[in-house]
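One structure is given here, and the rest of the page talks about it.
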Amino acid sequence: MNLTHLKYLVEVEKTGSITKAAASLFMGQPNLSKAIKEVENELGAPIFKRISKGVEPTEKGAEFLECAKAIIKQLDKMENLFRPEISGTNSFKIAIPRATYIAYAFSDFIKDMDRSKSISVNFRESNSIDSINGVIEGEYSMAIIRYDETYEDFFLSLLADKELIYKKIHTFKYMALMSANNRLASEDVITESQLDGYIEIVQGDVSVPYLSENYLKKTISTEKNRIFVYDRGSQFDLLETVPDTFMWVSPLPEEKLKKHGLVQKKCADITANNKDLLIMPRHYKMTELDNAFMEKLKKSVKTCMQ
């Protein structure tokens, strides 16, 4: 067993598939399967078990993989101590929720980036749990996570457990985003009951493992009209062209609303706040680029709140 084997195993866990892991590792599936078998024979126990959609860790395998990820992370830190910094490169890595005000800030940030240097940017929209894992595994330097304040204890406990620090970026109540041609567009404030019969556009990959099964059954009720989408462009296209659609969103800049012919409405039934937090490893030092992005983000939040 060596470091390469550990990285193979971590990739298999990440993708949930030996075939997908082999593709991302640029190696043949038979060779990857052989490597996994060799490690399992050395340990004397299986690391993965087959399921209908691929593979998942066994109970002992999950423990082993946590140790493997910790070893890889520590070795990366050791190598970075002696690796000269790449000069002349704008390097920026962050994961965010699907939030227009953040994407707006990111575009402004990229527009002003120093073009005399090469650019290496990793910017991904994802759910909070995947973003946290991405920071833990070193895929992102930092991330912005979003949660309903009802579940604050869960998230703050999770961040403390993973030794991640945080800073509040934005607190808001969800608003109903819809076409300016929607019949409710002229209302100052709406209620959830007024949206009965309308089609709700929902993010299709939002991970909510902290919610109870009964709550999930209630919110994904087949009695509601819903379209699950995975792409930001699709959301705006639907809202623009189909007047009886709507979507729950954080406040958008007025400029974005006008561009797409949309309006956003406060809902009298929405009482809980949602929070966006910036998270990062406890000992991470923010770079000049990180701070520049944060300034753009503050500006975007202020614009959305006007």
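In the set (1) closer than 30 Å to residue 236 by Cβ; (2) open to solvent by 70 Å² or more (accessible area, probe 1.4 Å); (3) among the β-branched types (Val, Ile, Thr), the condition left unmet by residue 71 is number (1).
Scanning the range 208-248 for residues that are at pLDDT below 85, assigned to a loop (DSSP other than H, G, I, E, B) and β-branched (Val, Ile, Thr) returns 208, 220, 222. In the range 139-169, which residues are within 14 Å of the chain's Cα centre (by Cα) and basic (Lys, Arg)? Scanning the range 139-169 gives a single hit, 146.
Do we have residue 33 as of a type in the set (S, T, N, Q), open to solvent by 40 Å² or more (accessible area, probe 1.4 Å) and modelled with pLDDT of 90 or more here? Quick ask: steps written out before the conclusion?
Numbers: of a type in the set (S, T, N, Q): yes; open to solvent by 40 Å² or more (accessible area, probe 1.4 Å): yes; modelled with pLDDT of 90 or more: yes.
So residue 33 passes the test.
Only residues that are at pLDDT 90 or above and open to solvent by 60 Å² or more (accessible area, probe 1.4 Å) were counted in the range 97-111, giving 2.
Of the strands (runs of 3 or more DSSP E) that lie entirely inside the range 140-197, not one contains 3 or more residues that are charged (D, E, K, R) and either in contact with a Lys or Arg (Cβ under 7 Å, 6 or more places away or on another chain) or closer than 26 Å to residue 122 by Cα (or both). Just one of the numbered conditions (1) part of a helix (DSSP H, G or I); (2) open to solvent by 40 Å² or more (accessible area, probe 1.4 Å); (3) out of contact with any Ser or Thr (no Cβ under 8 Å at 6 or more places or on another chain) is not true of residue 256: (3).
Tell me whether the range 15-35 contains one or more residues that are closer than 23 Å to residue 163 by Cα, out of contact with any His (no Cβ under 6 Å at 6 or more places or on another chain) and of a type in the set (S, T, N, Q). Outline the logic, then answer.
So in the range 15-35, the residues closer than 23 Å to residue 163 by Cα come out as none.
No: zero hits.
Quick check on my filter: what residues within the range 1-17 are open to solvent by 30 Å² or more (accessible area, probe 1.4 Å) and under 21 Å from residue 51 (Cβ atoms)? Answer for the range 1-17, where residues must be open to solvent by 30 Å² or more (accessible area, probe 1.4 Å) and under 21 Å from residue 51 (Cβ atoms): 8, 11, 13, 14, 15. Among the candidates 114, 130, the residue that is open to solvent by 60 Å² or more (accessible area, probe 1.4 Å), under 21 Å from residue 73 (Cα atoms) and touching a strand residue (DSSP E or B) at 6+ places or on another chain (Cβ under 9 Å) is uniquely 130. Among the residues in the range 64-77, are any part of a helix (DSSP H, G or I), of a type in the set (Asp, Glu) and under 19 Å from residue 285 (Cα atoms)? Yes, there is a match, as at least one residue in the range 64-77 is part of a helix (DSSP H, G or I), of a type in the set (Asp, Glu) and under 19 Å from residue 285 (Cα atoms). Pairs are defined by a Cβ separation below 6 Å, a sequence spacing of at least 6 or placement on different chains, a first member in the range 259-274 that is over 18 Å from residue 98 (Cβ atoms), and a second member that is charged (D, E, K, R) and assigned to a strand (DSSP E or B); the pairs so defined are 272/148.
Within the range 164-186, the set of residues being within 17 Å of residue 251 (Cα to Cα) and either in contact with a Gly (Cβ under 9 Å, 6 or more places away or on another chain) or not aliphatic (A, V, I, L, M) (or both) comprises 168, 170, 171, 172, 173, 174, 179, 180. For residues in the range 226-247 being in contact with a Phe, Trp or Tyr (Cβ under 9 Å, 6 or more places away or on another chain) and surrounded by 19 or more Cβ atoms within 10 Å (Cβ to Cβ), which is nearest to residue 169 (Cα to Cα)? That would be 246.
Filtered by the rule that a residue be open to solvent by 70 Å² or more (accessible area, probe 1.4 Å), assigned to a helix (DSSP H, G or I) and of a type in the set (Lys, Arg), the range 259-306 gives 259, 298, 299, 302.
Scanning for something in a loop (DSSP other than H, G, I, E, B) and of a type outside the set (Lys, Arg), does the range 99-108 turn up at least one residue? Spell out the reasoning first.
If we filter the range 99-108 for residues that are in a loop (DSSP other than H, G, I, E, B), which is where we start, we get 99.
Checking which are of a type outside the set (Lys, Arg) leaves us with 99.
Yes, the conditions are met somewhere in the range 99-108.
The values are calculated or read from the model by the stated rules, or taken from the named source; none is laboratory data. Here the structure is a predicted model, which means the values were calculated and not measured. Here Cβ is always computed from backbone atoms with ideal geometry, including for glycine, and neighbour counts include all displayed protein chains. Note: accessible area is taken over every heavy atom of the protein model, side chains too, but ligands, DNA and RNA are not part of it. Shrake-Rupley method; radii C 1.70, N 1.55, O 1.52, S 1.80 Å.
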